[in-house]
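Remarks on the structure that follows.
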Amino acid sequence: MSGSLNVAGLLLLAAPGLPLAMLASALWRGPRARLMSLLPFAPLPALLAALLAPGGALVLAPDPLRLTLALDLPGAMLLGGAALLWSLAGFYAASYMARDARRAGFAAWWLATMAGSLALFLVADLASFYLAFSLASLAAYGLVAHERTPAAGRAATLYMVLALLGEAFLLMAFVMLATGQATGNPMIAEAVAGLPTSLWRGAILTLLILGFALKMGLVPLHVWMPLAHPVAPMPASAALSGIIVKAGVIGLIRFLPFEAGLEATGAVLVGLGLFTAFYAVGVGVTQHHAKVVLAYSTVSQMGVIAAVLGAGLALGDARTGTLAAYYALHHLLVKGALFLGVGVAAGRALPWQRAIMALLALSLAGLPFTSGMLAKYAVKDLFGDGPVLLLVTLSATGSTLLMLHFLRRLALAPDAKPAGAPLLAPWLGVAAASLLVPWALFPAASGYGFGAVFTASALWKATWPLLLGALLFLPLLRLRDRLPRIPEGDAVVLGAALLPLAQRASIAAERLDDWIRRWPVAGALLVLVILLLGAALQLSAEIGPPHPG
């Protein structure tokens with residue numbers, strides 16, 4: 001691996017580097033006043049890297065801080081999709097937040113979150129992954145808390161408690177992975193290669209799944225998501241649901257030893273994923289807020305992706321990471337378009353706007369000829385021909401039911417403000433990408449030709465779960481609002497219980513400190529994350545309403 005700065009290396013470095021440089025520029029009044037208008041351009045190096053630099057690598061520093069960037073196919077797909085959504089949502093945010101007095105502070109949190117999330121798809125060593133994950137995870141707090149209402153404060157506090165809990169799980173797992181390695185900061189692939197034979201294998205896998213499940217929002221660790229989305233600004237919801245939850249997905253892709261064939265661990269992950277998929281549908285259909293319904297839909301879809309990862313781990317299929325990343329790319333773009341669409345197509349929207357939202361919503365369920373059908377077809381072989389495949393197929397029925405409920409709640413929502421080109425154009429751009437990009441990547445990601453998905457058998461297998469979901473929606477439609485109302489965040493009692501738990505955890509952390517010092521890189525990384533987030537907090541607090549012009 002070379003440390004030379006060729007074109008590919010420069011693009012990899014610029015992917016997280018430009019958002020961080022723009023964040024640093026906000027310390028001066030002039031750049032700060034123009035920060036919102038520049039947000040769409042921050043992720044462009046990442047988009048170019050995804051297109052031009054797959055296979056590229058760059059070593060930025062020697063061991064033990066050996067910061068290493070590398071781009072494989074799963075990373076390239078998610079990096080490109082995330083960069084595209086960050087860019088178009090940035091255009092949307094520039095217009096949507098134009099009159100917000102705290103828009104410069106929002107831009108600061110946006111850039112910090114963006115930098116961490118884009119870096120996650122590139123980093124190849126343990127320390128860099130921990131740093132990027134921490135930055136993306138913790139900086140998103142500012143997006144959730146932006147409105148500064150009691151509801152936003154409550155959601156942001158719960159989000160931060162769970163984020164810190166996830167950080168603790170991952171730190172312990174990474175310490176155990178790094179212990180005994182030849183270098184202080186091993187490559188992820190090297191650390192994972194020794195995991196199947198590690199004496200701590202069970203503990204490490206448990207901690208990894210817990211840490212990444214918190215970010216994905218798997219039940220019962222999902223409670224932050226339906227609380228955060230109603231209070232976050234619309235473009236922030238698109239980023240949280242489309243991109244930030246993928247931090248958990250890329251984490252499981254990077255750290256699960258798929259080639260080892262760990263059947264028991266895979267079965268646990270499949271079970272957790274399928275339970276999440278159906279549980280979220282059951283709670284989601286009782287919700288009245290369109291954005292909350294979408295949040296439960298994200299929880300359900302993350303459950304399906306967890307089942308994909310678990311099935312591949314149980315089989316020992318090396319293709320699992322690529323297949324899961326492809327499915328996650330489909331969800332990233334579709335869910336981003338749906339959240340942006342809530343801001344332009346709520347209430348008495350124009351017929352063509354409602355039609356696009358319906359197409360996007362049903363794409364999540366696998367509507368024939370959409371990216372959802374391709375994503376589901378790509379992963380089907382991992383589930384075999386038994387009951388697990390049937391349950392995964394029936395999850396599409398649940399998605400249909402939930403998405404029809406979402407479309408109804410969207411129609412009953414207060415009318416969106418008239419949307420001009422600054423909002424319509426980025427929404428339509430993400431919608432078009434969600435329908436077209438997965439088609440372009442399907443052969444490379446799945447190994448299938450397009451002819452495979454156009455057979456009568458494949459089309460029928462994609463259609464009947466949707467028809468069943470539509471039939472089940474009819475009695476739900478007749479019940480209207482008479483279903484029992486489950487509070488947003490359903491298991492939020494768990495979140496409240498975590499507050500005293502966090503206090504006890506801080507005491508326990510002191511006892512673990514000496515042990516954690518066995519990975520000396522951890523201390524330096526924690527200091528760096530604290531400095532970055534402290535700077536963002538200070539910037540957000542000190543920036544008043546941006547200077548006009």
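The values are calculated or read from the model by the stated rules, or taken from the named source; none is laboratory data. Everything quoted here is computed from the prediction, not taken from an experiment. Reconstructed Cβ throughout: ideal geometry from the backbone, glycine too, with neighbour counts over all protein chains shown.
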Please determine, by comparing only the residues of region 47-90 that are free of Cβ contacts under 8 Å to residues at least 60 places away in the same chain, of a type in the set (Gly, Ala, Ser) and farther than 30 Å from residue 232 by Cα, which one is surrounded by the most Cβ atoms within 10 Å (Cβ to Cβ). 53
Does residue 226 qualify as being surrounded by fewer than 21 Cβ atoms within 10 Å (Cβ to Cβ), at negative phi and under 18 Å from the mean Cα position of the chain (by Cα)? no
So which residues in region 440-458 are without any contact (Cβ under 8 Å) to a residue 60 or more places away in the chain, of a type in the set (S, T, N, Q) and in a helix (DSSP H, G or I)? 457
Which condition breaks for residue 369 when tested against (1) without any contact (Cβ under 8 Å) to a residue 40 or more places away in the chain; (2) closer than 15 Å to residue 398 by Cβ? (2)
Of those in region 123-171 that are closer than 17 Å to residue 215 by Cα and β-branched (Val, Ile, Thr), the residue nearest to the chain's Cα centre (by Cα) is 144
Residues in region 310-325: is at least one under 13 Å from the mean Cα position of the chain (by Cα), in a helix (DSSP H, G or I) and buried (at least 24 other Cβ atoms within 10 Å of the Cβ)? yes
For residue 95, are the conditions met, namely being surrounded by fewer than 24 Cβ atoms within 10 Å (Cβ to Cβ), among the polar types (S, T, N, Q), assigned to a helix (DSSP H, G or I) and at pLDDT below 90? yes
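Check region 25-45 and report whether any residue there is touching a strand residue (DSSP E or B) at 6+ places or on another chain (Cβ under 8 Å) and aliphatic (A, V, I, L, M).
Looking through region 25-45, none of the residues is touching a strand residue (DSSP E or B) at 6+ places or on another chain (Cβ under 8 Å) and aliphatic (A, V, I, L, M).
Out of region 62-113, which residues are among the charged types (D, E, K, R) and farther than 26 Å from residue 251 by Cβ?
Result: 99, 100, 102, 103.
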Given the conditions (1) over 20 Å from the mean Cα position of the chain (by Cα); (2) touching a residue at least 60 places away in the same chain (Cβ under 8 Å); (3) outside any loop (DSSP other than H, G, I, E, B), and given that residue 352 satisfies all but one, which numbered condition is not satisfied? (2)
For region 241-298, enumerate the residues that are in the same structural domain as residue 338 (by TED's automatic domain parsing) and hydroxyl-bearing (Ser, Thr, Tyr). 265, 276, 279, 286, 296, 297, 298
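Let's see how each residue does on (1) under 22 Å from residue 357 (Cα atoms); (2) surrounded by fewer than 19 Cβ atoms within 10 Å (Cβ to Cβ); (3) over 27 Å from the mean Cα position of the chain (by Cα):
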{"position": "370", "(1), (2), (3)": "yes, no, no"}
{"position": "376", "(1), (2), (3)": "yes, no, no"}
{"position": "393", "(1), (2), (3)": "no, yes, no"}
{"position": "396", "(1), (2), (3)": "yes, no, no"}
{"position": "403", "(1), (2), (3)": "yes, no, no"}
{"position": "406", "(1), (2), (3)": "yes, no, no"}
{"position": "433", "(1), (2), (3)": "yes, no, no"}
{"position": "437", "(1), (2), (3)": "yes, no, no"}
{"position": "445", "(1), (2), (3)": "no, no, no"}
